Amino acid sequence: MSEPSDDGVVKHRPLPSVGIPLLRDEVRASRVRRIVGASVVGVGLLGALISVLVSPELWGLGGSAADSVDEPPVAADPPPLHELDEPEADLDDLDAPPVEELPAEEPLGDGEGTRVVRPFGTSPGFRPALVAAGCTGAEADQLISALDGVMDFRRCRPSHEMVIERDLDGHLSRFEYRASTTQIYEARRTVEGTLVGSQVEVPIERVRLRRGGTIQSSLGTALEAAGLGRTLVGVFVETFEREVNFNTQTRAGDTFRIIVDEERVGGELLRYGTVHAIEVRGQRVGAHRAFWFETSPDHGDFFDSTGRAVHGGWLRTPLRYDHLSSGFDPRRMHPILRRIVPHNGVDYAAGTGTPVWAAADGVVTFVGPRGANGNLVSLRHENGYETHYAHLSRFASGLARDARVEQRQIIGYVGSTGRSTGPHLHFGLKRNGRFVDPQAELNGPGRMMGAAHLGRFRRQVRDLERELDAIELPSTPAVDSAPEAPSEAAPAATADGEPTD
């Protein structure tokens, strides 16, 4: 834009520079040009983005046949040699969890159909496990209805097995659930077409074994040499706990005898059943025999030949334990607090869930959590005695304050609750309000059997004694040697047990 000067000559405005501001119209025009330019660039970028997003090659979508003719795809470079045999991964499957394949079907005998065997696995419930095994939803509902009340669906475990059988038409004909060797449940389809559930009766073969042996290194090794299992060590330890300390009194040359039922299923050892009689003879321990006798169909115990209970009025060890990890010690150095704290009881190391028994008949005075003791059960007994069972993982069902319990009744299960360094039972004993050593105190004679049972018991003992005497022992001379601990007794491990008050 130009303007006249004082002398009438038209002069042009100088070109804009850094030091000369634009006029108002020029500012407006410059702003419009910038907006239009930015819009053009934005539209171009948006169009390019859209063309990339809708590209068929990106999403693995093939074009039409005509597109393939007009624009043939450019061959890609060959992959490296180590990738030639690798399958191509679909983009949609990169983050997808692996799909668990169904087990292969196997034919039934005589071409009657097929069978699938599958573990229960990690399914969140019985119905999802059935569906995962190949059942339809309708079949799963039918099986649940047929087995309801026959088996407890809450007790399913990942290792349990399920068997699904189908006829030639693919229809479900039979289902089997194997919880253990002897716990098997099934549902069969009747001629009417309905599924009926039941528990399978598994025949158990019982064989009476009469074995004996000589101890050279440990009782467990001697039992194995006699063709028996080490699990029977616990029977000897528990039965003769008042008379024999197998950790310190065992000598090479000591002998044992045992009469026990062996239970088998299909020729395979299932477990040991009733131990009818046991004997141990040693240089330091002397000779001891014990005979199992049931005073009622659901209650039995070991008695000596006179009819007196070998366990005494008390159980010094109210559980089957692995080893004694800490004894009664008023001056013990606490393993956690690192200061002298009286250890008013005995610690028995055992696996979590091991049953804990009442040491004698009594009344429950406390059941519940109690500070450093964790889950605690306290019992009151005759003659001013109290027992305390600490660090339990859980309590026996129905156990409550003021309830009466009998000796060997399960009151809880081993755990590591409270101030504890590992799973164990802290067993404390009070006499007239003061803590005493259970191992030294609970060593009195057992109760005499009632007169009503003595006649039958003595006849049974005569037969068992003849059987024990007939068991031959290896002829190994007795050798006096230093005490040795059975190999099945693990080295003592520190485990904490707090006083109960």
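Every number here is computed from the coordinates shown, using simple stated rules; none is lab data. Since we're looking at a predicted model, the values are computed, not measured. Every residue, glycine among them, receives a Cβ derived from its backbone with ideal geometry; neighbour counts consider all protein chains shown.
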For residue 412, other-chain or 5+-apart residues with amide H closer than 5 Å (H placed, Pro excluded) are 356, 396
Calculate one ³J(HN,Hα) per residue across region 452-461 by plugging θ = phi - 60° into the Karplus curve 6.51 cos²θ - 1.76 cosθ + 1.60, and present them in order as whole Hz with x for glycine and proline. 5, 9, 4, x, 5, 4, 5, 5, 5, 5
Counting only Cα atoms, I'd like the Rg/Rh figure for region 315-444, Kirkwood definition for Rh. 0.93
Within the under-15-Å Cβ sphere about residue 452, not counting residue 452, Lys/Arg +1 and Asp/Glu -1 give a net charge of +3
Under a 5 Å amide H to amide H cut-off, with H placed in plane at 1.01 Å, what residues pair with residue 156 once short-range neighbours are removed? none
Taking the Cα centre of region 108-200 as the origin and placing charges on Cβ (Lys, Arg +1; Asp, Glu -1), which of 117, 190, 153 is farthest toward the positive end of the dipole? 153
Please list the non-local residues whose amide H lies under 5 Å from the amide H of residue 108, H modeled 1.01 Å from N, same-chain partners needing a gap of 5 or more. 113, 114, 115
